[in-house]
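Input: a single structure, listed below in structure tokens.
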Amino acid sequence: MTKVSAQNTALHDWHVAHGARMVDFAGWEMPLNYGSQLAEHEAVRRAAGLFDVSHMRPLDVSGPDARVLLRYALANDVAKLDAAPGKALYSTMLQGDGGIVDDLIVYHRGGGRYRIVLNAGGAEADTAHLQALADAHGWRVTLQKRPDLGILAVQGPTARALAATVLGIPALADLGVFHALEQGDFFVGRTGYTGEDGVEIVAANGLLTDLADRLLAAGVRPAGLAARDSLRLEAGLDLYGQDMTTAVSPYASNLGWTVDLRAADRDFLGRAALEAESAAGDGARLVGLALREGIPRHGYVVENAAEQPCGVVTSGIFSPSLQCGIALARVDAVLAPGALAAVLVRGVRRPALVIKPPFWRNGAATFSFSEEHEI
């Protein structure tokens with residue numbers, strides 16, 4: 001079988017020149033790290049890190065029925081964006097049975113125009129899904145892929161101030177969380193995937209190398225996929241394909257807060273299935289786990305205090321900030337925060353404390369172990 005070559009972002013040669021270890025991720029050749037994942041992780045927690053996230057794909061949605069399509073396709077309601085062009089919304093996109101097709105951010109650009117940022121692995125399928133919905137209902141919508149654009153994420157406590165200086169956009173100082181502005185060549189959103197403050201900058205591919213150079217000169221450290229994963233998991237953020245899939249709903253993925261059922265007349269795709277699941281009560285849920293010893297990994301079995309299997313780890317790592325193992329796990333019984341459980345780590349039963357994600361917020365852990373957590 002012929003191997004399909006991975007796609008490259010506009011910064012591919014820049015990454016190589018800066019010593020990146022390149023790996024295939026969702027069909028893209030991306031930097032895993034530039035020598036030290038731990039140093040990159042720490043830079044984002046303490047100052048600022050730079051991520052090339054150009055494998056994420058912008059999709060511009062416009063036309064008389066753009067709002068109608070998005071209100072139907074997304075579990076969250078884009079009507080929330082009506083009063084404030086520039087505001088952004090996080091949402092899941094569902095199939096009819098409530099399973100998650102993808103998660104995404106949608107920005108309202110004003111004038112009935114929206115920009116969606118799609119995950120790398122599902123961008124083509126997501127676009128086809130939206131087009132099929134528009135065609136099936138006869139909605140007048142234009143979906144414009146933007147391969148001409150790339151995205152840089154600048155994340156960390158000093159990230160926004162540094163980006164404002166480098167971009168020459170003082171207004172970033174007053175930009176609200178989950179808001180975006182467009183100035184000159186740049187579309188900048190106060191969004192991210194690390195649990196820290198920061199921005200994501202959308203710009204023409206030809207501008208990215210110079211922008212990356214200027215950000216590094218300002219003191220921002222380049223960071224790769226490995227640090228991005230450890231940062232997002234400490235922040236309790238789901239990864240598509242592991243913590244959420246088409247097989248599970250937002251309620252089973254700690255994303256119930258993204259489901260907006262308030263408008264009774266908004267019959268969005270998957271609504272009936274979610275309402276039935278909610279009415280049925282207890283079902284599989286995603287919880288956090290913290291381990292004094294052992295590193296939890298995807299697929300490891302979770303047991304309750306009675307040593308009965310009750311779930312499986314969806315994402316797990318050794319946390320650089322917390323210096324312990326942490327995981328997201330889907331369990332089939334309610335495990336309240338503070339309850340005791342265990343993870344089978346290479347056949348050894350390791351004690352685990354149930355946590356309500358996130359594990360890390362505002363520069364500190366959200367939990368602590370005590371002697372009673374020894375099981």
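Laboratory data are not the source of any read-out in this text; all were calculated from the coordinates shown. These numbers were taken from a predicted model, which means no experiment stands behind them. Because the Cβ atoms are built from the backbone with ideal geometry, glycine has one as well, and the counts that use them run over all protein chains shown.
For segment 319-372, applying the loop criterion from DSSP together with a ceiling of 10 other beta carbons within 10 Å to the trypsin sites (Lys or Arg not before Pro) yields Arg346. In sequence order, segment 45-54 has phi-based couplings of 5, 9, 9, 7, x, 10, 10, 7, 10, 6 Hz under the Karplus curve 6.51 cos²θ - 1.76 cosθ + 1.60, θ = phi - 60°, and Gly or Pro positions carry x.
In sequence order, segment 155-166 has phi-based couplings of 10, x, x, 9, 4, 5, 5, 5, 5, 4, 5, 5 Hz under the Karplus curve 6.51 cos²θ - 1.76 cosθ + 1.60, θ = phi - 60°, and Gly or Pro positions carry x. Computed from Cα atoms alone, the Kirkwood hydrodynamic radius reported for segment 282-373 is 12.8 Å.
Scanning the chain for GluC sites (Glu not before Pro) in DSSP loops with at most 12 other Cβ atoms within 10 Å, what's the longest stretch left with none?
1-292
Percent of Cα pairs in the chain per distance bin of 20 Å, from zero to the largest separation: 28, 58, 14, 0.
For Lys87, the aspartates and glutamates whose Cα comes closer than 16 Å to its Cα, not counting residues fewer than 8 places off in the same chain, are Asp60, Asp77, Asp174, Glu182, Glu200. This ranking places Asp332, Asp102 by how few other beta-carbon atoms lie within 10 Å of each, fewest first, which gives Asp332, Asp102.
Net charge of the neighbourhood of Glu303, taken over other residues with C-beta under 13 Å away and scored Lys/Arg +1, Asp/Glu -1, is 0.
Charge tally for Arg346 (other residues, Cβ to Cβ under 13 Å; Lys, Arg +1; Asp, Glu -1): +2.
Local charge for Ala264 was computed over the other residues whose Cβ lies under 15 Å away, with Lys and Arg +1 and Asp and Glu -1, and equals -1.
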